[in-house]
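Report on the following structure.
Since every read-out is calculated from the coordinates, none of them should be taken as a lab result. Worth saying up front: this structure is predicted, and the values here are computed from it rather than measured. Don't worry about glycine lacking a Cβ; one is built from the backbone with ideal geometry, like all the others, and counts go over all protein chains shown.
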Amino acid sequence: MSGGLLAREDELAAVARAVDAARAATGTVLLLEGPAGIGKTTVLEAARRVAGERDALVLSARASELDRAFGFGLVHQLLDRAAKPELLVGAAAHAAVVLDPTSGAAEDAGFAVLHGLYWLVANLAEQQPVVLLADDLHWADVPSLRFLEYLARRIDGLAVAVVATTRPQEPGASAELLDELRTSATVVRPGPLPREAVADLLTAELGAAPDAAVIDAALEATGGNPLLVSVLAREAASAGVQSPAQLAELGARGVAPAVERRLRPLGAGKSAAKRA
């Protein structure tokens, strides 16, 4: 059982409003922002289900730290399969220079290309409401972020919703473009799981309701982060943990690798912080 959708009623309501805005041709951008493991991607997957149930065209992409150097990489993921020739007409024809892999288009393509991509999305939305899902924008390439920011400022009146996730203050992220995107978006920040949700996760994995002290130890070890709670609950079940002290010791071992992965981009100079 995952903790991603426990205690996420507000986030799911925001997703439903975004999809409904696309269906009503009022256009919207929803940005899910928070630290790693807080459940943003799980909410994004819920947006996929909601959009599918409401007959919207879902186009999705996930940015990668390793692909950040490839210009318009996120745009290719979102639009390649949807960019039929009959849609690349009028102003949208300018998008072809990016979407055609043989064109050798420069990554710093200017206004005409951004405008062309905008009209490609607008043409798609004339056929069916469109929901663009973009995961991990903090790793997105700069040209793709420029397009999403361009679209966000002009989305009113389109049958389009953009639902995206990002982490704040991520090393290497294009902070200026993400800040600009926030000004056009509804920003939702999922918080840590409440005590009741942590208890539910532990109960599901352990097969019985844990003592109050065990729940408190789990909260202390994970800070209520859904991913870390899920990992800790599985490890506790596997190890047969029964006492708060055992859970605290297990938590230190189980959470440390995840924390180390998150600190790795800071470089060797932060070794003291990693050890701490």
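Among 38, 215, which comes first, then next, by fewest other beta-carbon atoms within 10 Å? Write down the numbers at each step before the final one.
Values: 38 27, 215 21.
Ranking 38, 215 by Cβ neighbours within 10 Å, fewest first, gives 215, 38.
Anyone know which of 34, 116, 157 comes out most mobile in the 10 Å Cα GNM of the chain?
157
Please order 84, 40 by the number of other Cβ within 10 Å, starting at the fewest.
On the way: 84 11, 40 26.
Fewest to most other Cβ atoms nearby, the residues stand as 84, 40.
Once you've got the GNM for the chain with C-alpha springs shorter than 10 Å, pick whichever of 213, 21, 221 has the biggest mean-square fluctuation.
Between 213, 21, 221, it is 213 that shows the largest mean-square fluctuation.
Taking neighbour Cβ counts within 10 Å as the exposure measure, how do 42, 26, 222 sort from fewest upward? Each step should come with its number before you reach the end.
Numbers: 42 20, 26 15, 222 26.
Starting with the residue having the fewest Cβ neighbours, the order is 26, 42, 222.
If R0 is 51 Å, what FRET efficiency do you get for residue 209 and residue 24 from their C-beta distance, rounded to 0.05? Can you show the working numbers first?
Values: r = 44 Å, r/R0 = 0.86.
Efficiency computed from Cβ-Cβ geometry: 0.70.
With a 10 Å cut-off between alpha carbons and a GNM built on the chain, which of 192, 35, 171 moves the most?
171
According to the square roots a ≥ b ≥ c of the eigenvalues of the Cα gyration tensor, what is the shape class of the stretch 9-188, taking rounded for a/c under 1.5, prolate for a/b larger than b/c otherwise, and oblate for the remainder?
Working: a/c = 1.76, a/b = 1.15, b/c = 1.54.
In terms of gyration-tensor shape, oblate.
So how much slack lies between residue 84 and residue 249, counting 0.36 nm per residue of separation and subtracting their Cα-Cα distance, in nm?
Residue separation times 0.36 nm, minus the Cα-Cα distance, leaves 53.8 nm.
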